[in-house]
Amino acid sequence: MNDTALLLCDLQNDFIHPDGAYGRAGLGNADIAAVVPRLRPLVDAMRAKGGWVVSTHFTLVPGKGGVPFISPHLRGVRPFLTKGDFVPGGWGHAMVDALGVADMAVEKVNFSAFYMSRLEWVLSRAGVKRLLVAGIVTNGGVASTVRDAHVREFEVTVLEDGCAAFDREVHETAIAALRPVARIATIAAQLRETEGFTARG
């Protein structure tokens, strides 16, 4: 499994934890919260069997006085975002504790984790050719990252119950739209495959 990475997109405190930026704004979501405990057995299996666990971290880069650079689009849809939210090295920027510490963590500044980041470089250095993609949100960061991985010729599997959006119908539509560029699987099926691959090895 050393050529395979479980790519966890934006499973950060500021998105998911009740005390994070989105939780304080009342944007908690049961579907998104449920993703973390569902993923934990696969995260543990990947660590135990020699695969990589890679986390991506949406980042608001601070400018003068710590005031973050926020795009006009994001400012329009998430006006509550402010100084201290998604700041590099901060609690809110970190992956949720329930998933442990990733082998590699990559900051991102837009939807796709490949856009102006070091993700492609670190995956290449690690010898990763297969990506198992999970995280939030399905129609945003996940979909953009999966499509960019596809054009970079990674073998991509999207874990449909390892992803979520702020609306279930939007999630389902996004998963359907990714079928031409990625294999779609459940966490349970991927867990069986991971454990079976290791047993044969």
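A short reminder: the numbers here are calculations on the coordinates, not readings from a lab. Keep in mind that this is a model prediction, so the values were computed, not measured. Quick reminder, even Gly has a Cβ in these numbers, built from the backbone with ideal geometry, and neighbours come from all protein chains shown.
Using the Cβ atoms and a cut-off under 14 Å, what net charge is assigned to the surroundings of Tyr22, where Lys and Arg are +1 and Asp and Glu are -1?
Numbers: positive: Arg24, Arg78; negative: Asp10, Asp14, Asp19, Asp31, Asp85.
Charge balance in the 14 Å sphere: -3.
Counting every Cα pair in the range 37-122, what percent are over 14 Å apart?
69
Fully extended, how many nm does the chain gain between Ala33 and Glu153 (0.36 nm per residue separation, minus their Cα-Cα distance)?
On the way: separation 120, 0.36 × 120 = 43.20 nm, distance 3.09 nm.
Between Ala33 and Glu153, full extension yields 40.1 nm more.
Once you mark the trypsin sites (Lys or Arg not before Pro) that are in a DSSP loop and have at most 16 other Cβ atoms within 10 Å, what is the longest gap between them in the chain?
Details: sites that count: Lys83, Arg118, Lys129, Arg152.
In the chain, the maximal stretch lacking such sites is 1-82.
Under 10 Å, Cα contacts only: if you run a Gaussian network model on the chain, which one of Val61, Val151, Val35 comes out with the highest mean-square fluctuation?
Of Val61, Val151, Val35, the Gaussian network model singles out Val151 as fluctuating most.
Quick query: amide H of Val158 versus all other amide H atoms, modeled in the peptide plane; which residues come in under 5 Å with a sequence gap of 5 or more or a different chain?
Answer set, sorted by chain and number: Val133, Arg183, Ile184, Ala185.
Place a point 7 Å from Cα of Lys49 in the direction of its Cβ. Which residues in the range 142-164 have their backbone N less than 19 Å from it?
Zone members listed by number: 155-163.
Could you give the length gained on full extension between Arg118 and Asp97, defined as 0.36 nm per residue of separation minus the Cα-Cα distance, in nm?
Details: separation 21, 0.36 × 21 = 7.56 nm, distance 2.34 nm.
Working it through step by step, the gained length comes to 5.2 nm.
Springs between alpha-carbon pairs under 10 angstrom, Gaussian network model over the chain: which of Leu178, Leu27, Leu60 fluctuates most?
Fluctuation is largest for Leu27.
At 0.36 nm per residue, minus the direct Cα-Cα distance, what do Ile184 and Lys64 gain on full extension? Give it in nm, one decimal, please. Show your work: numbers first, answer last.
Working: separation 120, 0.36 × 120 = 43.20 nm, distance 4.32 nm.
Going from the current span to full extension adds 38.9 nm.
Write down the Kirkwood hydrodynamic radius of the range 4-200, to one decimal in angstroms, obtained as one divided by the mean of 1/r over all alpha carbon pairs.
Details: mean 1/r = 0.0593 Å⁻¹.
It works out to 16.9 Å.
Could you list the square roots of 5 times each eigenvalue of the Cα gyration tensor of the range 1-66, that is, the equivalent ellipsoid semi-axes, sorted largest first and rounded to whole Å?
Values: eigenvalues 148, 62, 10 Å².
Those come to 27, 18, 7 Å.
For the range 106-201, what is the relative contact order in percent, using Cα pairs closer than 8 Å and at least 6 residues apart in sequence? Numbers along the way, then the final one.
On the way: 129 pairs, mean separation 23.7, N = 96.
In percent, rounded to a whole number, it is 25.
How large is log10 of I(q)/I(0) for the range 124-201 at q = 0.23 Å⁻¹ when the intensity is taken from the Debye formula with one equal scatterer per alpha-carbon?
Log-scaled intensity ratios, in q order: -1.05.
So, in Å, what gap is there between the alpha-carbon centers of the range 120-161 and the range 54-97?
22
What lysines sit close enough to Lys129 to cross-link, taking a C-alpha to C-alpha distance under 28 Å and skipping anything fewer than 8 places away on the same chain?
Candidates past the 8-residue exclusion: Lys49, Lys108.
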